[in-house]
Amino acid sequence: MSQRDTLVHLFAGGCGGTVGAILTCPLEVVKTRLQSSAVTTLYISEVQLNSFNSASVNRVTRVSPGPVNCLKMILQKEGARSLFRGLGPNLVGVAPSRAIYFAAYSGCKEKLNNVFTSDSTQVHMVSAGVAGFTAITATNPIWLIKTRLQLDARNRGEKRMSAFDCIRKVYQADGVKGFYRGMSASYAGISETVIHFVIYESIKRKLLEQKAASAMDSDEESVKEASDFVGMMLAAATSKTCATSIAYPHEVVRTRLREEGTKYHAFFQTVSLVVKEEGYSSLYRGLTTHLFRQIPNTAIMMSTYELVVYLLNG
C-alpha cells in the first residue's frame, strides 16, 4: 500500500470516528453511568398514605436504573452540559484511534492477502485483531480520562473536574500504570471488533457482487450512488449489533476497572465480583443504551470512512 493510500485511510478513519463521536456523545455518557458501580441502584422516595394513622410517610424503594431514569437524573441534577462530559478527550482520542485502527487494518489486510486467500474470513479476522490491539495500546490513557470525566457526577453550580485535573489525580494515585487500567478488558473486546468486521466485510462483498452483476446485466459502468452508502450503513449497523450483543460484558468490566478508587483490580476478578454482588444480568447493564448509541455511531463512522476514501481516491 502506497504512502498516499495510508494517509487516505488515516484521514478517512479519523473523520469517521470524529463525526460519530460528536453525534452520539449523550448516549455514551448515559451508557457509562449505567455500567458503573455508582449507579447500580437508584433510590426513589415515594409518599404513601398510612391507613392506620392517616399520616404521610416516605418509603424508599430500591429499583434497577434504566436509560430514561439515568438521563432524567443527569438533566435534573447536573444539567444538559453533563451529557457531553468527556467529549474533549473523546475528540482528542477518536481521530488518532480510528486513524490508527483503519490504517493498521488496511495495511495488515494488504499483507495477509498475499498469505491467505484474498479477502477471506481469516484475513479479516486477523487484520481486525491486529488493528484493535494496536489502537487500544496506543490510546488507552485517553479513554481512561474520558471515562473518569463521564463518571464525574456533580450537581449544578459545583466546579467540574477538568481533563487536566483528572490526569493529575490518576498520576498521583497510581502513577503511569494508572493510565492503563481497563486495558485487559479492552483487549478482550477485540473479539467484538473481529466479529464485527468479519460480518461487515461479508455483507459488503455481497453488496458489491450484486452491484457488479446488476451493472453487467444492464451493460452500464458501475458507479457509486447514494444507495451504495445506505447499504454500507446498514451493513455496518447489522454487523455491529451482532458483535456487540455477543461481546458486551467486557464493556461493563472495563468501566468498573477505570473507576476512581475502585475495588476492581483485574479482568476475571471484576467479572466474578460483579456476578457475585449483582448477578449475571449486571454484565449486560446499559446494553440497550449501548446499542442505541453504537449502531448509529458505527453506521455513521463506516459510511463516512467509505465516503472519504471514495472522494479522495476519485
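What follows draws every value from the coordinates through simple rules; no lab data is involved. This structure is a prediction, so every number in the text was calculated from the model and none was measured. Cβ: placed from backbone, ideal geometry, glycine included. Neighbour counts: every protein chain shown.
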(request) Kindly rank 272-281, 256-265, 7-16 from highest to lowest mean number of other beta carbons found within 10 Å of each residue. (result) 7-16, 256-265, 272-281
(request) Please give the length that would be gained between Val115 and Tyr280 if that part of the chain were fully extended, namely 0.36 nm times their separation in residues minus their C-alpha to C-alpha distance (nm, one decimal). (result) 55.3 nm
(message) With the crude spin-label approximation of a point 7 Å out along Cα→Cβ, what separation in nm comes out for Glu158 versus Thr262?
(response) 2.0
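Helix by helix through the chain, keep the DSSP H runs that span 20 Å or more along the axis on Cα and average at least 0.0 on Kyte-Doolittle, and give those back in order.
On the way: long enough: 3-35 (43 Å, 0.46); 87-112 (36 Å, 0.34); 121-150 (38 Å, 0.53); 190-218 (42 Å, 0.07); 226-247 (32 Å, 0.91); 287-313 (37 Å, 0.57).
Qualifying helices, which must be both long enough and hydrophobic enough, are 3-35, 87-112, 121-150, 190-218, 226-247, 287-313.
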(request) Quickly estimate the mean residue ellipticity at 222 nm for the chain, helices only: each DSSP H run with n ≥ 4 gives -39500 (n - 2.57), and the total goes over all residues, rounded to 500. (result) -24000 deg cm²/dmol
(request) Starting from region 151-201, pick out the GluC sites (Glu not before Pro) whose DSSP state is loop and whose Cβ has at most 16 other Cβ atoms within 10 Å. (result) Glu158
(request) Please sort 18-24, 28-34, 148-154 by packing, taking for each peptide the average over its residues of neighbouring beta carbons within 10 angstrom, highest first. (result) 28-34, 148-154, 18-24
(message) As a footprinting exposure proxy, order Phe116, Phe102, Phe164, Phe267 by other Cβ within 10 Å, with the fewest listed first.
(response) Phe164, Phe116, Phe267, Phe102
(message) Please report Rg (one decimal) and Dmax (integer) in Å for the Cα set of the chain.
(response) 22.3, 87
(request) Within the set of other residues whose C-beta is less than 12 Å from the C-beta of Val94, count the net charge using Lys and Arg as +1 and Asp and Glu as -1. (result) +1
(request) Mind giving me the nanometre distance, one decimal, between the label points for Arg168 and Ala213, set 7 Å out from Cα along Cα→Cβ? (result) 6.3
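Using mean Cβ contacts within 10 Å as the protection proxy, how do 103-113, 174-184 order, highest first? Don't skip to the end; give the middle numbers.
Details: 103-113: 19.0, 174-184: 16.1.
Put in order of decreasing packing, that is 103-113, 174-184.
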(request) Quote the relative contact order of region 94-234 in percent (integer), defining contacts as alpha-carbon pairs under 8 Å separated by 6+ residues. (result) 24
(request) Could you compute the FRET efficiency for Ala138 and Thr288, with r as their C-beta to C-beta distance and R0 at 41 Å, rounded to 0.05? (result) 0.85
(request) With label points built 7 Å along Cα→Cβ from the Cα atoms of Leu23 and Ala80, find their separation and express it in nm. (result) 2.0
